[in-house]
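First comes the structure, then the notes that go with it.
The values are calculated or read from the model by the stated rules, or taken from the named source; none is laboratory data. Since the model is a prediction, treat every value here as computed from it, not as a measurement. Glycine also receives a Cβ, built like all others from the backbone with ideal geometry; neighbour counts cover every protein chain displayed. Please note that ligands, DNA and RNA were not included when accessible areas were found on the heavy atoms of the full protein model with its side chains. Shrake-Rupley method; radii C 1.70, N 1.55, O 1.52, S 1.80 Å.
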Amino acid sequence: MKPHVACIVSASIDGRTLLSRWRPDPAPLRGMFERVHDELAPDAWLIGRGTGQEYSKRESYPAQTSETFPREHWFARRDAKAWGVVLDGHGKVAFGRSDIGGDAILAVLTKAVSDAHLAGLRSEGISYIFAGDTALDLALVLDILNRELGIKRLIVEGGGTTNGGFLRAGLIDEIHLVLNPTVDGSKGAPSAFDGPEGADRMPLKSMTLESSKTLDG
């Protein structure tokens with residue numbers, strides 16, 4: 001059973017997500033994304049490796065360890081009020097922290113990660129799960145989150161590759177779009193929903209606008 005999955009996107013009117021390129025200056029609009037996040041009050045929120053690295057506080061974990069670990073889910077705790085889930089299939093993110101804004105970090109890995117990376121996560125009290133041998137299975141990720149931690153409501157909040165992967169897999173139930181009165185205008189800038197060159201088309205056949213409202217700014 002999967003959680004109900006909402007996706008929050010904050011974008012310019014041309015669908016771009018890199019604030020530093022937006023004009024007019026988007027500084028007065030900062031905080032809108034967080035406001036929508038807080039209103040939804042999820043059990044967990046999920047980001048990809050690139051966004052996860054923006055929250056990391058160290059360059060890397062030690063490259064070697066004398067320990068070996070089974071490729072089984074490991075939980076430093078199960079009683080977190082909310083979880084910050086980071087997709088990191090090949091174990092690239094060294095967190096240097098065990099929570100983000102008070103939400104416990106949960107790393108999602110493949111079984112191809114090194115024992116040294118697992119030792120690094122354990123040393124910082126970071127829980128982790130395995131959702132694939134060499135590539136992440138997004139549907140399996142959701143199943144594990146529900147089955148192991150009882151997560152019923154999850155927010156996917158990118159970047160664009162992660163958003164696009166979940167949408168392409170047919171796993172997103174609703175989208176909350178914060179449409180900012182700004183323009184990027186650059187070719188190839190990060191988008192709300194991205195994918196690799198030649199990726200399959202999105203499987204969407206219809207969308208229904210349930211509501212809209214004007215926010216401050």
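Roughly how many percent of the accessible protein surface of the chain is carbon and sulfur, given a 1.4 Å probe and a whole-percent answer?
Carbon plus sulfur share of accessible area: 48 percent.
Considering only the chain, what is the antiparallel percent among its DSSP beta bridges, to the nearest 5? Could the numbers behind the result be given before it?
Numbers: 5 of 31 bridges.
Taking every DSSP beta bridge with both residues in the chain, the antiparallel ones total about 15 percent.
Projected area of the stretch 139-217, taken from the Cα convex hull and averaged over every viewing direction, in nm²?
Mean orientational projected area (the stretch 139-217, Cα hull): 7.3 nm².
Note down the magnitude of the dipole of the chain about its Cα centre, charges +1 on Lys and Arg C-beta and -1 on Asp and Glu C-beta and zero elsewhere, to the nearest 20 debye. All intermediate terms of the calculation are to be shown ahead of the outcome.
Values: 25 positive and 29 negative charges, 21 e Å.
Roughly 100 debye for the chain.
Given +1 on the Cβ of Lys and Arg, -1 on the Cβ of Asp and Glu, and no further charges, what dipole in debye does the stretch 15-101 carry about its Cα centre, rounded to the nearest 20?
Working: 14 positive and 12 negative charges, 61 e Å.
About 300 debye.
For the stretch 17-91, what does the equivalent ellipsoid look like in terms of its semi-axes, each the square root of 5 times an eigenvalue of the Cα gyration tensor, given largest first in whole Å?
They are 32, 19, 9 Å, listed largest first.
Quick one: net charge around ASP14, please, counting Lys, Arg +1 and Asp, Glu -1 for every other residue with C-beta under 15 Å from its C-beta.
+2
Please compute the Kirkwood hydrodynamic radius of the stretch 131-171 from all pairs of different C-alpha atoms, in Å with one decimal.
Computed over Cα pairs of the stretch 131-171, the Kirkwood hydrodynamic radius comes out at 10.9 Å.
So if each residue of separation counts as 0.36 nm, and I subtract the Cα-Cα distance between THR208 and ARG21, what length gain in nm does that give?
Full extension from THR208 to ARG21 adds 64.3 nm.
If you take every residue apart from ALA192 with its C-beta less than 12 Å away from the C-beta of ALA192, what net charge results, scoring Lys and Arg +1 and Asp and Glu -1?
Summing Lys and Arg as +1 and Asp and Glu as -1 gives -3.
Which net charge results for the neighbourhood of ALA116, defined as the other residues with beta-carbon distances under 12 angstrom from its beta-carbon, given Lys and Arg at +1 and Asp and Glu at -1?
-1
I need the phi-derived Karplus couplings for the stretch 87-99: 6.51 cos²θ - 1.76 cosθ + 1.60, θ = phi - 60°, integer Hz, Gly and Pro marked x.
My calculation for the stretch 87-99 gives 6, 8, x, 10, x, 9, 8, 9, 6, x, 6, 10, 8 Hz in order.
Relative to the compact-globule scaling 2.2 N^0.38 Å, provide the ratio for the alpha-carbon radius of gyration of the chain.
1.05
Taking the Cα centre of the stretch 69-121 as origin and charging only Cβ (+1 Lys, Arg; -1 Asp, Glu), how large is the dipole, in debye to the nearest 20? Show your work: numbers first, answer last.
Working: 7 positive and 6 negative charges, 7 e Å.
Approximately 40 debye in magnitude.
Quick one: which residues, 5 or more positions from ALA80 or on another chain, have an amide H under 5 Å from its amide H? H modelled 1.01 Å from N in the peptide plane, none for Pro or chain starts.
none
When the Karplus curve 6.51 cos²θ - 1.76 cosθ + 1.60 is applied with θ = phi - 60°, which whole-Hz ³J(HN,Hα) does each residue of the stretch 45-57 get, with x for Gly and Pro?
So the J values, rounded to whole Hz, are 10, 10, 9, x, 4, x, 5, x, 5, 5, 9, 6, 10.
Just tell me which lysines come within less than 28 Å, Cα to Cα, of LYS111; anything on the same chain fewer than 8 places away is out.
Cα-Cα hits under 28 Å: LYS2, LYS57, LYS81, LYS92, LYS152.
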